[in-house]
1. Can we say Leu94 is hydrophobic (A, V, I, L, M, F, W, C) and either touching a Gly at 6+ places or on another chain (Cβ under 7 Å) or assigned to a strand (DSSP E or B) (or both)?
2. Which of the residues spanning segment 119-132 are part of a helix (DSSP H, G or I) and either small (Gly, Ala, Ser) or surrounded by fewer than 16 Cβ atoms within 10 Å (Cβ to Cβ) (or both)?
3. Return the residues of segment 21-35 that are surrounded by fewer than 16 Cβ atoms within 10 Å (Cβ to Cβ) and either closer than 10 Å to Leu130 by Cα or touching a strand residue (DSSP E or B) at 6+ places or on another chain (Cβ under 8 Å) (or both); say none if nothing qualifies.
4. Collect the residues in segment 38-58 that are more than 18 Å from Leu82 (Cβ to Cβ) and not in a helix (DSSP H, G or I), keeping them in residue-number order.
5. Could you please let me know if Ala114 is in a strand (DSSP E or B) and either at pLDDT below 90 or closer than 22 Å to Asp13 by Cβ (or both)?
6. With respect to Ala38, determine if the residue is exposed (fewer than 14 other Cβ atoms within 10 Å of the Cβ), of a type in the set (A, V, I, L, M) and more than 25 Å from Glu132 (Cα to Cα).
7. Scan segment 84-98 residue by residue and report those that are surrounded by 22 or more Cβ atoms within 10 Å (Cβ to Cβ) and over 8 Å from the mean Cα position of the chain (by Cα).
Amino acid sequence: MDALEVTLEHPFDEAEAEVRRALATEGFGVLSEIDVAATFKAKLDVERPGLKILGACNPVFAHRGLTADPSLALVLPCNVALEDVGEGRTRVALADPRAMFALGDPERTSLDRALADEVYAALRRVVDRLGE
């Protein structure tokens, strides 16, 4: 999967707070949260390092995209994965919206391409903020 990635020199919980702040700066809110590590522990009794998936959404982008193509609901919200990689470090990966919008499909409109590029630019700024 194509993604924007950065590894933060912060423990998992601190990195999550930083990610949420950076997303908010670009107008994204977190609509959903899946604590994969807690779910594996509860359902499988399997211990694993922290892994959480945040479902981030910018309502302006979502409205524009869904107006142009309601099937985009299949790939919303944008997933942001946080993974504890040990030694106080956290890997953050944000799904590349250009890949999610299937821009290789010739049936897609130029609005899809322009919107995907705008969302990508906003998420790129999120990653850049995190890397500072």
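1. On the way: hydrophobic (A, V, I, L, M, F, W, C): yes; either touching a Gly at 6+ places or on another chain (Cβ under 7 Å) or assigned to a strand (DSSP E or B) (or both): yes.
Against the criterion (hydrophobic (A, V, I, L, M, F, W, C) and either touching a Gly at 6+ places or on another chain (Cβ under 7 Å) or assigned to a strand (DSSP E or B) (or both)), Leu94 qualifies.
2. We begin by selecting, within segment 119-132, every residue part of a helix (DSSP H, G or I); these are 119-130.
Selection gives Ala121, Ala122, Arg124, Arg125, Asp128.
3. Our first condition is that a residue be surrounded by fewer than 16 Cβ atoms within 10 Å (Cβ to Cβ); within segment 21-35, this holds for 21, 24-25, 27, 29, 31-35.
Scanning segment 21-35 gives Arg21, Gly29, Leu31, Ser32, Glu33, Ile34, Asp35.
4. Taking segment 38-58 first, the residues more than 18 Å from Leu82 (Cβ to Cβ) are 42-46, 58.
Within segment 38-58, Asp45, Val46, Asn58 qualify.
5. Working: in a strand (DSSP E or B): no; either at pLDDT below 90 or closer than 22 Å to Asp13 by Cβ (or both): yes.
No; evaluated as a whole, the condition is false for this residue.
6. Values: exposed (fewer than 14 other Cβ atoms within 10 Å of the Cβ): yes; of a type in the set (A, V, I, L, M): yes; more than 25 Å from Glu132 (Cα to Cα): yes.
Taking the combined requirement at face value, the residue satisfies it.
7. Thr90, Val92, Pro97
The values are calculated or read from the model by the stated rules, or taken from the named source; none is laboratory data. Bear in mind the structure is a predicted one, so any value in this text is a computation, not a measurement. With ideal geometry, Cβ positions are generated from the backbone for all residues, glycine too; neighbour counts draw on all protein chains shown.
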